[in-house]
Amino acid sequence: MMLKIRSLDAGYSNLKVLKRISMHVKAGEIVTIIGANGSGKSTLLHAVSGIIKGKSGEIIFKDKQINNYTAEKIVYLGCSLIPEGRQLFPAMTVKENLVLGGYILKSKNKKINLEEEIKKIYTLFPRLEERKNQLSGTLSGGEQQMLAIGRALMSRPDFIMMDEPSIGLAPLVVKEIFKTVVSLRKDGKTILLVEQNAKAALKIADRGYVMETGNIILEGTSEELLNNHDVQRAYLGKDYKNIAER
Amino acid sequence: MNLNIILQYVFSGITVGSIYAVIAIGFNIIYNTTGIINFAQGEFVMLGGMIAFSFCKVMPLYLAIILAVIITGIIGSLLELIFIRHLKKPSVLQMIVITIGLSIILREIALHVWDEQVRALPFFTGNETSSVNILGANISPQVLWVIGITSLIVIGLTLFFKYTIIGQAMRACSENRNAAGLCGINTKAMVNISFILSAGIGALAGCVVSPLTQTTYDMGTDLAIKGFTVAILGGLGNSSAAVAAGIILGLIEAFSVSIFPSAFQDVITIGILLTILFIRPQGIFRSKQFAALKEF
Amino acid sequence: MNKENLKAVSVLFTIILLTPLITSLLDVNFYLTQLTMSIYYAIVSIGLCMLMGYAGQISMGQAAFFSIGGYTTAVLTTINLIEYKGSFLINLLMKLRVLVLDKNVYDNDVLFFSPWVTFFFAIVFALIISFVIGIPVLKLKGHYLAMATMGFGIIIYKIVKGTKILGQADGISAVPLFKILPFLSIDGDISNRIENFYFAGFILLLGLIILINLINSRVGRALRSLHGSEEASNSMGINTSKYKLYVFMLGAVFASIGGFFLTHYNGGIGPSEAGVMKSVRYVAIVAVGGMANIWGTLIFGILLNFLSLRGVFGSLDDAVFGAILILVMIFAPDGLIKKRFLDALIVKCKIIIKKIQLKLNKEGN
Amino acid sequence: MPLIEVKNLSRYFGGLHAVDNVSFNVEKGIIKAIIGPNGAGKTTLFNLISGTINVTSGKVFYKDHIITGLKPYQIAKKGIVRTFQNLKLNQHMSVLENVMIGRHIRSKAGFISGMLNLPNTWNEEKKIREYSMKMLDVVSMADKKDITVANLPFGQQRAVELARALACEPEVLLLDEPASGLNIYETKELSELIKKLKTWGLTILIVEHDMSLVMDISDDVVVLNYGEKIAEGQPDKIQKNKKVIKIYLGDDDA
């Protein structure tokens, strides 16, 4: 088991966003979380990656309880988050961004040659090598997303969480990004994908969870979810009429 | 005004200007990693001079200076550890007030440890009467020391931030703290390092300038406001611009003496600060577009 | 004014009324001098409290406005225009009682501005300067605002210290008394101690009532909303920059009035009153008081200034204020006097009183 | 004559075209929704109309007068009042006091009369209080008037914010994702409330993610994607629009 969450409550200051969330991700899976805006998907990823602290419940990563770990420590364990909106270091070059992605390798082992690690990323995304001395803030959206993925990969994570990688990207670029996600799984990575592009996400995922106002309202294999009417509901609105009058 | 005197002014302008620049860089380093303007920055300069002064009685000057830099660096680190680290999401007002409080405390401690007397480190080479002739102007060799050491500080820092992984990690923190954490960078440690660094370079500046301008326990506020002026002039957070801005301000100050009474010299500097804040808060070297993305 | 505030004001009124009685009973009447001074300083602080606490804008230059009030009156009442006597303008001004003729300690005739007029000038200067400086400064936020106001404060300090007519480092002494009523004149004479204390208390109450009214008015609500979110207030139709400016000017006037009276009370003013450290003090007092808490500011304004003037902190005077700033900001950023805390205290007192009553009743039975 | 006319409005952040040449009209008395996926530029468009950020190019007309370039408070005074996606209430003030802030533009008392507590302000304060209570009643929060806002759950804070906006007596109400963070029951109440406001004659412009709410209440819908308008029309037509379905449920080929 890669990640297991048991009845997690979390939120920001006095606002509770997540309500008793339970879910899991097995090693080697691609799991996707879908849901409308404001349903708490990103908050869930923030809680796992240590950016916010859970109020109650358990987060277990590779058999370790990580509730109170700092974000840095969680990265050390091999769990990497690619945040929404990329969050690159815009005034630093592509290469510097990648070097920083490898920061924990360097602090684990002083002798490690980051150049070789960076070369591996370049073979995955040749476009980044062409632009290695360019400031990352000047890259196109797709290239930025590649760099964000590359930077996360630099820490050699086993488990990668992606927060809406397709946001703001042209359809063709989205396709490319999703292809990369599939190829990452082939390399043995486990992936938790939060997406607003439901169909595309479910197509590459093994399983999925559907969130609504901080709760998981539905889970199942991708096929089940793709054919489920409720998924459309979660996406296109809460359909409060049917529910409230039921 | 003949050429000699002009040159004299130019050198004195560059000398104070480069000290201002170093203080401004101190501001920038902490500002970049934390978003805090450390109002106690001027006190680091004072502490450097004072500590070195005490040590140089019992050991060679260079050792005293090294010790002063190290001790001030430790003080900077402690300040961060004790007063700043554990604050959860402090407001800007809170940070301003705390660092102002720190500056007062440091100053008062200095007053009780070293009293009110004006002190000065010995000249690094020669004494107050020795001079070097450059292009016909007689200047103290200490001026060359100041210019040399501040250039070394600037070059050293540039290399540090550009080529070492710690330096890069600090830059990463300043650009996006959350993302830096997600790269596994210990952001808290980086903040601490930024305090050590800016305290250390402040102390070094305080040592080299001490023979020329003397050191008193209450010199910090004036220096801080000058350093801040320079930091703003160059654009807060932009250290290479701070060097240029520092020299500009130093020259303005030096030449203003020939026009205005020296009692009003500071009024001119602060007038510049206010003017810049009012019309170009992003600094003279930065574009309007940059300013639009920031709040002042 | 609501009931709660009315109660508080009347409590304060009673305290002010009784203080001279208590001091004379304890035979510490000399405390009144320092208390009077503390009250004037507190007036400066409550003005700043409006700006910092209610409108959320920091000012590190409050001492500048204090000294503007103080120096305005000090210069105009110590200037001797006797040599121009006889000219038409001077005669006119004398007839209008703008200028007064008096004798100095050497029994020479001196002709100077009436304190009534300089009071007016003190307020007008504070208004003009705060208006001119406020428009650009208040566009800034956070660190920039703090530095800009501090810079303004330093400029005033340096000007005061460097200008001959302002007495440079020595300041201005021998400021004449301000005769308000036949039996009331503002000066440091021991015989007038009690009257002066009451007068200071009166001014404080007046200022306090004005501010409390303001806080609870439409404008006060707008200010508090501005502190919450400038963007939202703006979207509610509140002209935020106008209100910030007004409050800045109001704080300046309060400071100027404090400076005016204290200068007459002390018979002089020195450049240290304009120093950065003084501004820091005012900020410290507002911070300990709880930012948006005018009562907290008032209580600590009087208490801390009194202790400081009594020399309780010794040579650590400045250090105490520095330490207060740090400790309050770290451990109690909402100030020491929280309404919640006070309410809890009152509730507890009530419970204790009830218990005692019950016990007494039982025993009575 | 449309009440609001948005003409070729654009806003660029550096190279990012947050809003790109968007035009549409809002007739008086209708509910118009602006929808689109995350990052489509909806909130930016809102900020442009309400004056919170400056436009790069283009104009907004209100009652045939240009309002671009005006300060937010000037726009509010003209009768266009907005709410915020992430609630901007004063957390330390009571519910009623927050709503009373909304009466600011409909009252006059100034600095001096406030300081002196002049009798003419008493009457005004009373009216402010009464009207604010009425608005609290509209959002069914009247019984919570003295509670400090920080102690209220999120859904109720939204209601307070709406009451505050209503207290301004706006002609146009701009609602920025009023349903985000609400559960289905609260959303249902919200929809009824918005419909009620329409009967008052209010014109409502709403940015919302919840399609079921949008389809239920709005008369007209504008769809944005990458800052550009890709569709406009009545809800039932928008629901069938292929482009819109594609951006919401994703490309089948992806």
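Okay, residues lined up against (1) in a helix (DSSP H, G or I); (2) small (Gly, Ala, Ser); (3) surrounded by 24 or more Cβ atoms within 10 Å (Cβ to Cβ):
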position	(1), (2), (3)
C:GLY259	yes, yes, yes
C:MET291	no, no, no
C:LEU298	yes, no, yes
C:ILE302	yes, no, no
C:PHE306	yes, no, no
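Answer yes if at least one residue in region B:86-94 is modelled with pLDDT of 85 or more and either crowded, with 22+ Cβ neighbours inside 10 Å or not in a helix (DSSP H, G or I) (or both), and no otherwise.
Checked region B:86-94: no residue is modelled with pLDDT of 85 or more and either crowded, with 22+ Cβ neighbours inside 10 Å or not in a helix (DSSP H, G or I) (or both).
Could you please let me know if D:PHE154 is more than 11 Å from chain C (Cβ to nearest Cβ) and hydrophobic (A, V, I, L, M, F, W, C)? Please lay out each step first, then the result.
Values: more than 11 Å from chain C (Cβ to nearest Cβ): yes; hydrophobic (A, V, I, L, M, F, W, C): yes.
Spelling it out, D:PHE154 is indeed more than 11 Å from chain C (Cβ to nearest Cβ) and hydrophobic (A, V, I, L, M, F, W, C).
Hey, among D:LYS198, D:LYS134, D:LYS127, which residue is over 22 Å from C:GLY237 (Cβ atoms) and of a type in the set (D, E, K, R)?
Numbers: D:LYS134 fails: over 22 Å from C:GLY237 (Cβ atoms); D:LYS127 fails: over 22 Å from C:GLY237 (Cβ atoms).
None of the other options fit; the residue is D:LYS198.
Is it the case, given these coordinates, that B:ILE14 is more than 21 Å from B:GLY101 (Cα to Cα) and either buried (at least 24 other Cβ atoms within 10 Å of the Cβ) or not polar (S, T, N, Q) (or both)? Walk me through how you get there before you give the answer.
Values: more than 21 Å from B:GLY101 (Cα to Cα): yes; either buried (at least 24 other Cβ atoms within 10 Å of the Cβ) or not polar (S, T, N, Q) (or both): yes.
Yes; evaluated as a whole, the condition is true for this residue.
Would you check which residues across region B:164-196 are in a helix (DSSP H, G or I) and more than 23 Å from the chain's Cα centre (by Cα) and list them?
Here is the first cut: in region B:164-196, the ones in a helix (DSSP H, G or I) are B:165-175, B:177-182, B:187-196.
Passing the criteria: B:ILE165, B:ARG177, B:ASN178, B:ALA179, B:ALA180, B:GLY181, B:LEU182, B:THR187.
Please specify each residue of region B:128-157 satisfying the condition of being part of a helix (DSSP H, G or I) and free of Cβ contacts under 8 Å to residues at least 40 places away in the same chain.
Narrowing region B:128-157 to residues part of a helix (DSSP H, G or I): B:141-157.
Within region B:128-157, B:PRO141, B:LEU144, B:GLY148, B:LEU152, B:ILE155, B:GLY156 meet the criteria.
Looking at B:LEU204, is it surrounded by fewer than 20 Cβ atoms within 10 Å (Cβ to Cβ), of a type in the set (A, V, I, L, M) and either away from chain A (no Cβ under 14 Å) or touching a residue at least 40 places away in the same chain (Cβ under 8 Å) (or both)?
no
D:VAL160 versus (1) surrounded by 24 or more Cβ atoms within 10 Å (Cβ to Cβ); (2) touching a residue at least 60 places away in the same chain (Cβ under 8 Å); (3) touching an Asp or Glu at 6+ places or on another chain (Cβ under 8 Å): which is the lone unmet condition?
(3)
Suppose we filter region C:128-149 for residues that are part of a helix (DSSP H, G or I), open to solvent by 10 Å² or more (accessible area, probe 1.4 Å) and at the interface with chain B (Cβ under 7 Å from one of its Cβ atoms); how many remain?
Of the residues in region C:128-149, the ones part of a helix (DSSP H, G or I) are C:128-137, C:142-149.
Those left that are additionally open to solvent by 10 Å² or more (accessible area, probe 1.4 Å): C:128-129, C:131-133, C:135-136, C:142-144.
In the following step, the residues that additionally are at the interface with chain B (Cβ under 7 Å from one of its Cβ atoms) were identified as C:136, C:142-144.
Result for region C:128-149: 4.
Out of (1) buried (at least 20 other Cβ atoms within 10 Å of the Cβ); (2) not in a helix (DSSP H, G or I), the odd one out for D:PHE46 is which?
(2)
Would you point out the residue of region A:140-169, among those that are within 10 Å of chain D (Cβ to nearest Cβ) and not charged (D, E, K, R), that is farthest from A:ILE30 (Cα to Cα)?
Restricting attention to region A:140-169, the residues satisfying the condition of being within 10 Å of chain D (Cβ to nearest Cβ) are A:140-141, A:164, A:166-169.
After this cut, where a residue has to be not charged (D, E, K, R) as well, the list is A:140-141, A:166-169.
Details: A:SER140: 27, A:GLY141: 24, A:SER166: 16, A:ILE167: 19, A:GLY168: 22, A:LEU169: 21 Å.
Going through the qualifying residues, I end up with A:SER140.
Could you check, for region D:55-69, whether at least one of its residues is within 11 Å of another protein chain (Cβ to nearest Cβ), buried (at least 18 other Cβ atoms within 10 Å of the Cβ) and within 29 Å of D:GLY181 (Cβ to Cβ)?
Step one: list which residues in region D:55-69 are within 11 Å of another protein chain (Cβ to nearest Cβ), which gives D:56.
Now restrict to residues that are buried (at least 18 other Cβ atoms within 10 Å of the Cβ): none.
No, because not a single residue in region D:55-69 is within 11 Å of another protein chain (Cβ to nearest Cβ), buried (at least 18 other Cβ atoms within 10 Å of the Cβ) and within 29 Å of D:GLY181 (Cβ to Cβ).
Those residues that are farther than 27 Å from B:ILE71 by Cα and within 14 Å of chain C (Cβ to nearest Cβ), I need them from region B:107-145; list them, please.
Once the filter is applied, which keeps residues that are farther than 27 Å from B:ILE71 by Cα and within 14 Å of chain C (Cβ to nearest Cβ), region B:107-145 yields nothing.
Among the candidates C:ILE172, C:ILE156, C:ILE165, C:ILE186, single out the residue that is more than 7 Å from chain B (Cβ to nearest Cβ) and open to solvent by 70 Å² or more (accessible area, probe 1.4 Å).
On the way: C:ILE172 fails: open to solvent by 70 Å² or more (accessible area, probe 1.4 Å); C:ILE156 fails: open to solvent by 70 Å² or more (accessible area, probe 1.4 Å); C:ILE186 fails: open to solvent by 70 Å² or more (accessible area, probe 1.4 Å).
Within the list C:ILE172, C:ILE156, C:ILE165, C:ILE186, the selection yields C:ILE165.
Would you mind finding the one in D:ASN98, D:ASN86 that is of a type in the set (S, T, N, Q), in a helix (DSSP H, G or I) and either open to solvent by 80 Å² or more (accessible area, probe 1.4 Å) or under 19 Å from C:ARG224 (Cβ atoms) (or both)?
Details: D:ASN86 fails: in a helix (DSSP H, G or I).
When all the criteria are applied, what remains is D:ASN98.
Given region C:1-95, what helices (runs of 4 or more DSSP H) lie entirely inside it while holding 3 or more residues that are within 18 Å of C:ASN196 (Cβ to Cβ) and either of a type in the set (Lys, Arg) or in contact with a helix residue (DSSP H, G or I) (Cβ under 8 Å, 6 or more places away or on another chain) (or both)? I'd like the intermediate steps shown before the answer.
On the way: elements: C:3-25, C:31-49, C:62-78, C:88-95.
Helices (runs of 4 or more DSSP H) meeting the threshold: C:3-25, C:31-49, C:62-78.
Okay, residues lined up against (1) in contact with a Leu (Cβ under 9 Å, 6 or more places away or on another chain); (2) among the aliphatic types (A, V, I, L, M):
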position: B:LEU135; (1), (2): yes, yes
position: B:ILE155; (1), (2): no, yes
position: B:PHE160; (1), (2): yes, no
position: B:ARG171; (1), (2): yes, no
position: B:SER174; (1), (2): no, no
position: B:ASN178; (1), (2): no, no
position: B:LEU182; (1), (2): yes, yes
position: B:GLY200; (1), (2): no, no
position: B:ALA224; (1), (2): no, yes
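Would you be able to tell me the number of residues in region B:1-45 that are farther than 22 Å from C:MET147 by Cβ and part of a loop (DSSP other than H, G, I, E, B)?
The first filter runs over region B:1-45 and keeps only residues farther than 22 Å from C:MET147 by Cβ, leaving B:1-15.
Within this subset, residues satisfying the condition of being part of a loop (DSSP other than H, G, I, E, B) are B:1-2.
The number of residues fulfilling the criteria is 2.
State whether the residues of region A:19-34 include one that is among the aliphatic types (A, V, I, L, M), within 14 Å of another protein chain (Cβ to nearest Cβ) and surrounded by fewer than 24 Cβ atoms within 10 Å (Cβ to Cβ).
no
If I filter region D:115-129 for residues that are open to solvent by less than 60 Å² (accessible area, probe 1.4 Å), modelled with pLDDT of 90 or more, in contact with a helix residue (DSSP H, G or I) (Cβ under 6 Å, 6 or more places away or on another chain) and part of a helix (DSSP H, G or I), do I get at least one hit?
Taking every residue of region D:115-129 in turn, at least one turns out to be open to solvent by less than 60 Å² (accessible area, probe 1.4 Å), modelled with pLDDT of 90 or more, in contact with a helix residue (DSSP H, G or I) (Cβ under 6 Å, 6 or more places away or on another chain) and part of a helix (DSSP H, G or I).
Of all residues in region D:139-155, which are charged (D, E, K, R) and either assigned by TED's automatic domain parsing to the domain that holds D:TYR185 or in contact (Cβ under 8 Å) with a residue 12 or more places away in the chain (or both)? Please lay out each step first, then the result.
If we filter region D:139-155 for residues that are charged (D, E, K, R), which is where we start, we get D:143-146.
Residues satisfying the conditions are D:LYS144, D:LYS145, D:ASP146.
For (1) within 18 Å of D:PHE46 (Cβ to Cβ); (2) within 11 Å of chain A (Cβ to nearest Cβ); (3) open to solvent by 10 Å² or more (accessible area, probe 1.4 Å), each residue gets a yes or a no:
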position: D:LEU173; (1), (2), (3): yes, no, no
position: D:ASP176; (1), (2), (3): yes, no, no
position: D:TYR185; (1), (2), (3): no, yes, yes
position: D:GLU189; (1), (2), (3): no, yes, yes
position: D:ILE194; (1), (2), (3): yes, no, no
position: D:LYS198; (1), (2), (3): no, no, yes
position: D:VAL222; (1), (2), (3): yes, no, no
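Listed residues B:ILE82, B:ILE104; which is of a type in the set (A, V, I, L, M), part of a helix (DSSP H, G or I), within 16 Å of C:ALA319 (Cα to Cα) and within 11 Å of chain C (Cβ to nearest Cβ)?
Details: B:ILE82 fails: within 16 Å of C:ALA319 (Cα to Cα).
It is B:ILE104.
Filtering region B:252-269 down to residues that are open to solvent by less than 50 Å² (accessible area, probe 1.4 Å) and out of contact with any Lys or Arg (no Cβ under 8 Å at 6 or more places or on another chain), which residue is modelled with the lowest pLDDT?
B:GLN265
Among residues belonging to region A:170-186 that are within 13 Å of another protein chain (Cβ to nearest Cβ) and of a type in the set (Lys, Arg), point out the one that is surrounded by the most Cβ atoms within 10 Å (Cβ to Cβ).
A:LYS175
The values are calculated or read from the model by the stated rules, or taken from the named source; none is laboratory data. Everything numeric here is computed off the predicted structure, so don't read it as measured data. Positions of Cβ are generated from backbone atoms using ideal geometry, with glycine treated the same way; all protein chains shown enter the neighbour counts. Areas reflect the complete protein model, heavy atoms only, side chains present, ligands, DNA and RNA absent. Shrake-Rupley method; radii C 1.70, N 1.55, O 1.52, S 1.80 Å.
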